[in-house]
Amino acid sequence: MCGIVGYVGADSAKDVIVDGLKCLEYRGYDSAGIALVSKGKILLRKESGELSKLEKKITAKDFDGQIGIGHTRWATHGSPIRENAHPHLSTDGKIAIVHNGIIENFMQLREELEREHGVTFKSETDSEVIAHLIGLSYAENGGDLVLAVREATGKMHGAYAVCVVAADNPDTIVAIRKDAPLIAGTSDTGSFIASDIPALLKWTRDIYLIENDELVVVNKDEVRIYDADNTRVKREQTHIDWDAAAAEKGGYEHFMLKEIYEQPAGIKETLEVRLGKQGDIKLDGIELSKDYLDNISKVYIVACGTASHAGLIGKSLIEKFAKIPCETDLASEFRYRDPFVDEHTLFICVSQSGETSDTLEALREAKRKGAQILSIVNVVGSSVSRESDHVFYTWAGPEIAVASTKAYTTQLMAFYLIALKMGEIRGVIDKDYQKKIIEELRQLPAKVEKVLEGEKLIEEMAKRYYKKENIFFIGRGMDVATAHEASLKLKEISYINSFSIAAGELKHGTIALIRRQTLFFVLASQDALFEKMLSGIEEIKARKAQVVCITKETNVRAEEVADETFLLPDCMDEVAPILAVVPMQILAYHIAKLRKRNIDKPRNLAKSVTVE
Ligand code: F6R
């Protein structure tokens, strides 16, 4: 995710800013930049790629000053090229801004700025509109930076933390936030503003936490905070006693746990930016006509590992909502057959990193055969996204733990939106039913929060079972995919042998493995299949095995037959997979922790598998 650092004081601003940005590198970024104010001018340097590349470009003595703002960018709107890196300048070059977040109405603002003020944009970003809006207002209001920031942000919808400097104001940084973090601090040598605590820990441990809609004026000797009515706010400082490493993880012990907890925000973001005011779905970056969709013979979903499990759910959704036959395959298998793919195939690649070699090669093979490629990707500008015809970005933010969690649930959300939209374009989905599903999706972030509140219960469960050497996961329908994902999560970070299978398949052989005390996690999130799952549990119990059932809180009978249950908030069957996987991620995490595993970097695994 993007990082912001600003400084005004006695030290070299570029050194302070680079040091601060380095502390945010762990969050992931693909370009970086700095703007300094010096001798009535704004000095600007930006580079794509690593911060070290930027550092080499700012060694000159004349590139320095005592006030400035810096940014590391994780691309969302626009590819990770130099032009799209922050800071962005107003047309007259007098204002520089850095921005974290997403401006939802940027297209409208951009068109207005072009039409009414003749602004020429230099980047593809949503953020550049902020520089121009502030620049225009600053000129009109006789250089009142606070007023200009207020006026500009008043026109913006979305989430933002914005920091601003002006060429003719060498003493002040103005910053403002709405739904994106911002903090400030002071030390003996100056004052700081930043998006995240680790950026400031080298200079101060006493920080001001800025609240939504507050504006901050940062001067060398003080930080002043104002509320939305411009009334000065008296804010106590918060003392930070974490070490820097813990701070990077936001207080969580591991990135995996942090990312599990980021899921409500991730799925909300993935959903909300694609929903219009009337709840209509807008898939920017994907243009699929009715004519095209009516004439394809199938959708083919290809991915690896966790992403392939999202693909299994995607298949159910596309068949259910869009009524198009859908096949799934593992990318590593797809390439070594001669699959039926042609110009009548819509080929969907799913990849968090967008760099997985098997997925990329499968994409190329499908392209050679004439298919259109739609990819669901988290990393903007990655190879998969560049080589695709249509891209749906999940915007889960960087996933640092090797074990994928928030990427998975946002991939699921992507499939819901794509499948619903395809059904709508083809005119095969009932409007009221579509509306109901969208309403259910909207409720998911709060329901995932509720599941997360059950962490303690799952931790206790983990304490009971972490010494097991074999664990089974079963489910039916969409729960088969969840069982596979639960099993993969457990084995990859705890190194316990685990096995996942469709519940109905047990009796065709695998049942031979069941003995007294064999542990089964039964995924039963689908009401329509619940009776069948109950008989499956009876069958397992008859062989004296242990059963933990994951089901909705409404399915009280599960408590009578299973040894224990974990209850999910009630929801429609269609959206339950996003809820059902969360306790399984937490279980894997706690079992791995009890077994003292290296959770964020498990043995033999890499975050991005760029070899076949
Ligand atoms: C498991 C995991 C892997 C990845 C797989 C594909 O937790 O992370 O199974 O899902 O290597 O990676 P991407 O999605 O980057 O293509």
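The values are calculated or read from the model by the stated rules, or taken from the named source; none is laboratory data. None of these values were measured; they are calculated from a predicted model. Cβ coordinates were reconstructed from backbone atoms using ideal geometry, including for glycine residues, and neighbour counts include every protein chain displayed. Only protein heavy atoms, including side chains, enter the accessible area calculation; ligands, DNA and RNA are left aside. Shrake-Rupley method; radii C 1.70, N 1.55, O 1.52, S 1.80 Å.
Annotations for the structure displayed:
- Chain lengthening between L594 and H239 when straightened (0.36 nm per residue, less Cα-Cα): 124.7 nm
- Taking each of K22/K456; K268/K532; K315/K421; K552/K593; K155/K258; K155/K178 in turn, the alpha-carbon distance tops 24 angstrom for K22/K456; K268/K532; K552/K593; K155/K258.
- Folded to 0 to 90 degrees: helix 357-368 orientation relative to the chain principal axis, Cα: 90 degrees
- Just so you know, the Cα atoms of the chain work out to an Rg and Dmax of 25.7, 82 Å.
- The angle between the Cα long axis of helix 406-426 and the longest principal axis of the Cα atoms of the chain comes to about 80 degrees, rounded to the nearest 10.
- Mean separation of Cα contacts under 8 Å, 6 or more apart, over the residue count of the range 2-128: relative contact order %: 27 percent
- Each label was represented as a point 7 Å from its Cα along the Cα-to-Cβ direction; for E343 and E104 these points are 4.0 nm apart.
- Fraction of alpha-carbon pairs over 19 Å apart in the range 1-68 - percent: 26 percent
- Were the residues from N604 through D64 laid out at 0.36 nm apart, the gain over their Cα-Cα distance would be 189.9 nm.
- Calculated FRET value between E564 and D527, using beta carbons and R₀ = 25 Å, to 0.05: 0.80
- Point-to-point label distance, D179-E114, nm (Cα→Cβ direction, 7 Å offset): 2.5 nm
- Helix-derived mean residue ellipticity, 222 nm - over the chain, DSSP H n ≥ 4, -39500 (n - 2.57), to 500: -11000 deg cm²/dmol
- Cleavage-rule hits (trypsin sites (Lys or Arg not before Pro)) in the range 506-536: DSSP loop, at most 12 neighbouring Cβ within 10 angstrom: R515, R516
- For a straight C-alpha distance cut-off of 16 angstrom, the aspartates and glutamates reachable from K491 (same-chain residues fewer than eight places away being disregarded) are E469, D600.
- Accessible area of the chain divided out per residue, in Å², using a probe of 1.4 angstrom: 40 Å²
- Loop-located trypsin sites (Lys or Arg not before Pro) across the range 349-398 with a Cβ neighbour count of 16 or fewer within 10 Å are K369, with loop assigned by DSSP.
- Here is the list for the range 267-374: chymotrypsin sites (Phe, Trp or Tyr not before Pro) lying in DSSP coil, each with at most 15 other C-beta atoms within 10 angstrom of its C-beta, are Y336, F340.
- Net length gained if the chain between E538 and Y252 were fully extended (0.36 nm per residue, minus Cα distance): 99.0 nm
- Cα long-axis angle, helix 455-465 against the chain (0 to 90 degrees, to the nearest 10): 40 degrees
- The range 3-241: C-alpha gyration tensor shape, a/c 1.5 cut-off, then a/b vs b/c: rounded
- Spatial separation of Cα centroids for the range 298-325 and the range 149-191, in angstrom: 43 Å
- Whole-Hz Karplus values for the range 167-183 come out as 4, 9, 10, x, 10, 9, 10, 10, 9, 8, 9, 8, 6, 9, x, 8, 9 Hz, taken residue by residue from phi with 6.51 cos²θ - 1.76 cosθ + 1.60 and θ = phi - 60°; glycine and proline positions read x.
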